[in-house]
Every structure is written in structure tokens, then in C-alpha cells.
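*Asks:* Okay, here's the structure, questions in a sec.
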Amino acid sequence: MTMSEVEHVLLSELLQWYGLQRHDFLNHWQVIMGNLQLQQPEKALAYMKETVVAQEQEQKIAHIQEPALAGILLGLIIGLRQEGISATLDFPETMKQELFWHDHWQDDYAVGLYGYTKECLEVCSQSRLLLNVTAEVYLFEEPSGLACQVILADEETVLFDKMLTLTIDAE
């Protein structure tokens, strides 16, 4: 078994994100403990609820049965969060089934999808000074493939709206 170049890059990036998440996780616990020590359980509970919302989007990714896609999406969602952008992820229930991916995924999709998500994150870093930027990430089922759409917007303007469609070539 050999890993592709994209898989090597993904693994390296996911290990970096993991380090950042561990750091964030420990910080969250310190904030919660501090609030409890100050006899402010309401603040601790509110903070816990706030942090859980962000984690729910990452948890959705665990239901996607294609590992390369899941890794790329996890990198995107964590990267958005590192830029201060909250993201939502939506995809059809059929994508939770392993059988779906036999007809809708090719290994070479990873390169195109990875580049697409990096483009999205580049736009995000340029939008850093804007307030209340949010991201919506959608996966769509296409005949013999899939599509991914990322929409970045602030309260008034769509900053980025691009769709990438990947389809299996008939041989």
C-alpha cells in the first residue's frame, strides 16, 4: 500500500490541526474550570454549549465513508475555524453509506478537491478583517460523482460562492 502525494499532505496537515485542537481543547477546559472556581456555573455552561456547536459540524464529517474526502473536509472546517469563521456542512444521507462511494468517487478527485478547499481558505484569509463571516459547505450527489459548494458571506455580501463538480469518466 502506498500513499499519494495528496494523502501525505493531508496527513501532515491533519496532524497539525490535531495539535491546534488539543491546545484549544485544553484552553476550553481551563475557561470552564475558571468559571466554576469563580462560582459562575451559568457562564461555564454557556461556554460549554458554545464550544459544542462548533464541534457538531466536525462530527458530521465522521459519517462520510470516503476517508480522503472526510480528511479534506475536516481540514477545511478546522481551517475556517482557525480564521474565526463558523461553518456549516450539509450533505445527503446517501453519502453516509459506503456503497455510495463505489459509484461516486475516484482517487484522483482528492487532488482537485484539495486544491479547491485551499482556494476557499485563501479567500478566507483575505477576508480576515471582515466581521461575522460565515461559511456554508454543501455536498451534492451528481450522476457518477459529486459536487462541493462553498459559500462565504458576511451579513450583507456573498464574498465567495464556487462549486466544484467531480464526475467519473466513462471508460
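The values are calculated or read from the model by the stated rules, or taken from the named source; none is laboratory data. Worth saying up front: this structure is predicted, and the values here are computed from it rather than measured. Quick reminder, even Gly has a Cβ in these numbers, built from the backbone with ideal geometry, and neighbours come from all protein chains shown.
*Asks:* Would a scan of the stretch 19-29 turn up a residue that is surrounded by 12 or more Cβ atoms within 10 Å (Cβ to Cβ), in contact with a strand residue (DSSP E or B) (Cβ under 8 Å, 6 or more places away or on another chain) and not β-branched (Val, Ile, Thr)?
*Replies:* no
*Asks:* Could you tell me which residue of the stretch 144-171 is farthest from residue 109 (Cα to Cα), considering only residues that are assigned to a loop (DSSP other than H, G, I, E, B) and in contact with a strand residue (DSSP E or B) (Cβ under 7 Å, 6 or more places away or on another chain)?
*Replies:* Initially, the stretch 144-171 is screened for residues assigned to a loop (DSSP other than H, G, I, E, B), giving 144, 154-157, 168-171.
Applying the additional criterion that residues be in contact with a strand residue (DSSP E or B) (Cβ under 7 Å, 6 or more places away or on another chain) yields 144, 168.
Numbers: 144: 12, 168: 9 Å.
Checking each candidate, the answer is 144.
*Asks:* Do you know which residues across the stretch 1-55 are at pLDDT 90 or above and polar (S, T, N, Q)?
*Replies:* Matches in the stretch 1-55: 27, 30, 35, 37, 39, 40.
*Asks:* Still on this structure: So which residues in the stretch 56-78 are at pLDDT below 90 and surrounded by 14 or more Cβ atoms within 10 Å (Cβ to Cβ), if there are any at all?
*Replies:* Of everything in the stretch 56-78, those that are at pLDDT below 90 and surrounded by 14 or more Cβ atoms within 10 Å (Cβ to Cβ) turn out to be 57, 58, 78.
*Asks:* Sort out which residues of the stretch 120-145 are closer than 13 Å to residue 73 by Cα and acidic (Asp, Glu), and write them in order of number.
*Replies:* 136
*Asks:* So, in the stretch 124-135, of the ones that are in contact (Cβ under 8 Å) with a residue 12 or more places away in the chain and surrounded by fewer than 16 Cβ atoms within 10 Å (Cβ to Cβ), which residue ends up farthest from residue 66 (Cα to Cα)? Can you show your working first?
*Replies:* Quick first cut of the stretch 124-135, residues in contact (Cβ under 8 Å) with a residue 12 or more places away in the chain only: 124-125, 127-128, 130-135.
Narrowing the set further to residues that are surrounded by fewer than 16 Cβ atoms within 10 Å (Cβ to Cβ) leaves 125, 128, 131-132, 134.
Working: 125: 28, 128: 31, 131: 34, 132: 31, 134: 26 Å.
Among those residues, the one meeting the criterion is 131.
*Asks:* In addition: Please go through the stretch 1-18 and give me each residue that is surrounded by 13 or more Cβ atoms within 10 Å (Cβ to Cβ) and among the small types (Gly, Ala, Ser), ordered by number. Before the answer, list the steps.
*Replies:* Filtering the stretch 1-18 for residues surrounded by 13 or more Cβ atoms within 10 Å (Cβ to Cβ) gives 4, 6-7, 9-10, 13-14, 17.
Hit for the stretch 1-18 is 4, nothing else.
*Asks:* Taking the stretch 79-97 only, how many residues are among the hydroxyl-bearing types (Ser, Thr, Tyr) and modelled with pLDDT under 90?
*Replies:* Here is the first cut: in the stretch 79-97, the residues among the hydroxyl-bearing types (Ser, Thr, Tyr) are 86, 88, 94.
With modelled with pLDDT under 90 added as a condition, the list becomes 86.
Adding up the residues that qualify gives 1.
*Asks:* Still on this structure, I have one more. Hey, among the residues in the stretch 101-143 that are small (Gly, Ala, Ser) and touching a strand residue (DSSP E or B) at 6+ places or on another chain (Cβ under 7 Å), which one's farthest from residue 81 (Cα to Cα)? Step through it out loud before you land on a result.
*Replies:* Taking the stretch 101-143 first, the residues small (Gly, Ala, Ser) are 110, 112, 115, 125, 127, 135.
Filter once more, keeping what is touching a strand residue (DSSP E or B) at 6+ places or on another chain (Cβ under 7 Å): 112, 127, 135.
Numbers: 112: 22, 127: 13, 135: 10 Å.
Among those residues, the one meeting the criterion is 112.
*Asks:* Having 1 or more residues that are touching a residue at least 40 places away in the same chain (Cβ under 8 Å) is the bar; report the helices (runs of 4 or more DSSP H) wholly within the stretch 5-115 that clear it. I'd like the intermediate steps shown before the answer.
*Replies:* Working: elements: 5-37, 41-61, 67-82, 98-104.
The helices (runs of 4 or more DSSP H) meeting that bar are 5-37, 67-82, 98-104.
*Asks:* Would you please name the residue that is farthest from residue 33 (Cα to Cα), looking only at residues in the stretch 44-55 that are surrounded by 13 or more Cβ atoms within 10 Å (Cβ to Cβ) and among the hydrophobic types (A, V, I, L, M, F, W, C)?
*Replies:* 54
*Asks:* Take the stretch 118-143 and flag every residue that is under 15 Å from the mean Cα position of the chain (by Cα) and in a strand (DSSP E or B).
*Replies:* Answer for the stretch 118-143, where residues must be under 15 Å from the mean Cα position of the chain (by Cα) and in a strand (DSSP E or B): 134, 135, 136, 137, 138, 139.
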